[in-house]
Each structure stands twice: as structure tokens, then as C-alpha cells.
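Shown next, in C-alpha cells, is the structure this report addresses.
Just so it is clear, none of the values below were taken in a lab; they were calculated from the coordinates. Everything quoted here is computed from the prediction, not taken from an experiment. All Cβ positions, glycine included, derive from the backbone under ideal geometry; neighbour counts span all protein chains shown.
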Amino acid sequence: MRHRLALFAAIILGVGTIAALSTSGVGTSPMSAGATAGASSTPIKHVVVFMQENHSFNNILGAFCVQQKRCTGTTTGKLSTGQTISLSAAPDVVPNVDHSIKGQTTAIDGGKMDGYNKISGCSGPQYACYSVYEPTLSGGGPNPSVQNVMSLAKTFAVSDMTFEPGPVPSWGEHLALVTANNLDGFSGDNPTGPGPGWGCDWGDTAPWSSTGLAPFMMEPSCVPAPKGSPEVAKEPPAVQKSPAQWVPTILDSLKKAGDTFKIYGASKTDGNYIWDTCPTFADCLYTNEAKSMVPTASVLTDAKNGKLPNFSLLMPATGPSGSTSQHNGTSMATGDNWIGQVVSAIENGPQWQSTAIFLSWDDCGCFYDEVAPPSGLGIRVPMIVISPWVIKGHTDHNVATWASILAFTEHVLGLPPLNATDKNAYNYLKSFNFAQTPTQIARHKAPLSQHLVPRSSTAWIATHPPDLSDPT
């Protein structure tokens, strides 16, 4: 569902905060950024951002929190009628629920968190979005849909206060992920057009205004390169005429500092290419930064061979068993196997003792969560912080967003902040204990496994291929 969002200026809970940030750094040359502060004394030299798709915190970790009694979660939910219902056991094939700006804002309902039953795909009597993944099945065995995720949550740190930068779907979230919550005037709703990609190379457009608030006009879903840079000549004519301005990304900071980075993502022939992030930015797609885009599966060999860069964005792709994304319409178990495979490769690789992994899901999907977002932020999302230096079984209650991941990266690699948001963001450091002994670190790993994807999921997906260019 693609919306022009004529009433976007009236959205409750401070989406205007993102709009206010949307001009931060606009028009500044990449070479004018401040000098790097120098890398910190922490042992972390490699940051992996492992981004999955479309689940709220409570949908994945709510039952875990209730069971473990260590984080904020629930197994009941509120309807707009005032009724409280039990959350159902979430199925392996993820239900299709509207998670556009309109859908998420309806769910939030001004902070009452009771409007989920009003969004498309979540009507009664089943209320598909009022669901939660149980750590174990009714027979007592582990739930294959989330088996590895539960092991990681139990072994490492869970942040139960990480929120979307705003109530926006995937394109806006991936844009904000590398700009420290800066949407550059775009509303954040997903692009529309010929596709199947969402960035500079497909001709799609997205709602934009100079303030980030209504009224919007449709502009190329591409952040142009800095004016006068050699990359401008490589941009499509429509992008050159776009009123959107260049904004810096963490990739620009890494390149300037001489740090290495990769985006492990899908190829152009894979529907998951929409999440590769680099194509949204002209000064990534049309520069040597584009060489950082490598096949998703190569993260396994890089981990095994000690070749992980200083900063990694790990995006979903399609493997032998289907999409690893855990997106609506795909198998959770397939994605859970992929999570286990990747983290196991890093745990058992030579760079484990210098690595921090941030495993999260980019937006709510939009599944029930009971915690009202702080002003200006969107719905709560899962965040598991994975590292041998993480405090075992810790819960981090500090408010965080994607800017917090960048703040952590900037701290450990000695990079300057992109804007005031990441400069002032909480950086997850309270989840770490860098005073641990070598013996403690060596033993700090999660038990991970590969398990069978339910046959019912495989059969259903075979006859109902997921729409990976999901218009919501």
C-alpha cells in the first residue's frame, strides 16, 4: 500500500523529529567532516550489522522475556475496543500485515498501542499481528522458527528499548541506518515505480519535501551525490534534477578514515536487492564504494578466513531454501538457520575476539508491541548484541535507535559523528565488559544449530511466492 500521506504532518509521536533532522549536514562536502578522534582502546575492531526484516520486539522476544523474567515483554495484547486478548503462537510463515507509515501510526494510536487490529492484515477474529514466537513448542522441544535467536538472546545481551527511528517501513529504515536517522526529507515510505530495486538505478520515486512533512511531491528514491562532484555526471538526469540534497553516510566516514567496509547483499536479479542500501545513495552506487557490495554468502568465507572488514552490513538474500529475510510471507526457520550459520562462522573464526554483532529487524512488520515509543521514535524492534565481550545474559534498558549502532561504531573505530543524533545517541557500551579474562572470552559462545524447515512452510511458500517488492 503506497501512500502520498497528505496528513503526514499530523502524525503523532514526533515523526517531525526525523523531519527536523532531515536537513542535517545537507550540502556539506565529504571532505569538510571533522578529523577522526582516533580509535578507542576497546578490543572491538569489527562491527557487523545483521539486519533482518519486519518483526517487532515483542513478536520475537516477548514470550522469551516473560519466561526469562529479564526483559520487558508480554503474552497479551490490547485491541482498540479496550479488550485484552492472549497473543497467539506465531506461525513459521510470517503473516502479511501492513507496515507502512499509515499502518504503523494507526497501530501506535498516539501511544496507546492498541490500534493494531485496525491495520490491513490484522482484522478479527484471527488477529494475525497479535502473535508471539514461543521459545519452545507445546511438546517441549525448541521452536525451529526461532531456535538460534533464542539461544543468542539467552547467551548474549538483549536490548529491550531499541526503537525504529520513526514509524516507517523498510526503505526509510535502511536509509536511516547509515545516515544516523537522517531521512533527507523523504517521508520514509517505500518507493513506487518500475523496480524491482528501490534506489538510484531503477527509476522509482518516493514521497519527499524540503521539511520531511506534508505536502509531499514524488522525487527519485535516491540521495544525490554532492553538487559538483565527479559522481554527479554519472547520475540519471532525473536524480540530477532532484531537490533532495546529499547527506553523509557512515560509509563516507569509513572511507575517509581508511577503514574497510562491505555490504553483504543480494544481486540485482534477486528480489532482496531492495534492501542493499548502497543503491539509495548516488555517492555509493556511482563510486568505488559500490565495490563494497558483495554476495551475501561471502560473509561465511570471510568469517572463516579472518577477512571481515571493520564494518559490515549484512542484508538478506535468497538461498537454497528460500529467502533468509524473515520478511512477511517467508519462513522464519529459514532465516533462523541463516542466523545460526553466520554467527557460528564468526564465533569459530579468527576474528571472534575483536567482533561485535548487532542482530536486529528493520521494522515492526507490523506485529504487536506494547511499549509506547518515546517522542519522535517508531515501534520497538528486537536487538541482540553479540560479542565475547558482551555481559552474559544482560538486558540493556537504555533507549536506542540505529544511530546507536553508528555511535558504537564511531566510538570503537574513532570516527566523527555524522550529525547531532549519533553524537548524542546511547552507544550500547553498557552491554559490554571489557575487563573479562581471556578464559571467559574463549568460552563465551552460543550453541547454534541447523534444523529442518517445516514442510508445511516449504509447501505453502512454493505456491505463494512472497512479494519481496512489498509495497507496504
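Shape of segment 160-220 from its Cα gyration tensor (a ≥ b ≥ c, root eigenvalues): rounded if a/c is under 1.5, otherwise prolate when a/b > b/c, or oblate? It comes out oblate by the Cα gyration axes. Can you check what the net charge comes to around Ala176, using other residues whose Cβ is under 10 Å from the Cβ of Ala176 (Lys, Arg +1; Asp, Glu -1)? Counting the neighbours of Ala176, the net charge comes to -4. Checking the cross-link pairs Lys268/Lys392; Lys256/Lys430; Lys112/Lys241; Lys69/Lys430; Lys78/Lys423; Lys262/Lys445 against a 30 Å limit on the alpha carbon distance flags Lys268/Lys392; Lys112/Lys241; Lys78/Lys423 as lying beyond it.
FRET efficiency for Thr211 and Lys241, Cβ-Cβ distance as r, R0 = 22 Å, nearest 0.05?
Calculated transfer efficiency: 0.65.
The modelled label-to-label distance between His464 and Asn433, using points 7 Å beyond Cα along the C-beta direction, is 4.5 nm. Judged by the ratio a/c of the largest to the smallest principal axis of the C-alpha gyration tensor, the chain counts as rounded, that ratio being less than 1.5.
Dividing the summed -39500 (n - 2.57) terms of all DSSP H runs of n ≥ 4 by the residue count of the chain sets its mean residue ellipticity at 222 nm at -7000 deg cm²/dmol.
Modelled label positions at Thr76 and Lys392, each set 7 Å beyond Cα in the direction of Cβ, lie 3.5 nm from each other.
Scaled to the globular estimate 2.2 N^0.38 Å, the Cα spread of segment 262-416, given as radius of gyration, is 1.08.
Could you sort 269-280, 419-430 so that the peptide with the highest average Cβ count within 10 Å comes first and the rest follow in order?
Highest to lowest by the protection proxy: 269-280, 419-430.
Could you grab the relative contact order for the chain? Cα pairs under 8 Å, six or more apart, rounded to a whole percent. It comes to 28 percent, rounded to a whole number.
Please work out whether segment 90-233 counts as rounded, prolate or oblate from its C-alpha gyration tensor, where a ≥ b ≥ c are the square roots of the eigenvalues and a/c under 1.5 means rounded, while otherwise a/b larger than b/c means prolate and anything else oblate? Walk me through the numbers on the way to the answer.
Numbers: a/c = 2.28, a/b = 1.74, b/c = 1.31.
Since a/c reaches 1.5 and a/b is larger than b/c, the shape of segment 90-233 is classed as prolate.
Electrostatic tally near Gln67: other residues with Cβ closer than 12 Å to its Cβ, Lys and Arg +1, Asp and Glu -1, net +2.
The distance from the alpha carbon centre of segment 270-314 to that of segment 59-116 is 32 Å, rounded to a whole number. Between Thr136 and Thr260, the distance separating the two model label sites (each 7 Å from Cα on the Cα→Cβ line) works out to 4.3 nm. Bridges between two residues of the chain, per DSSP, are antiparallel at a rate of about 50%.
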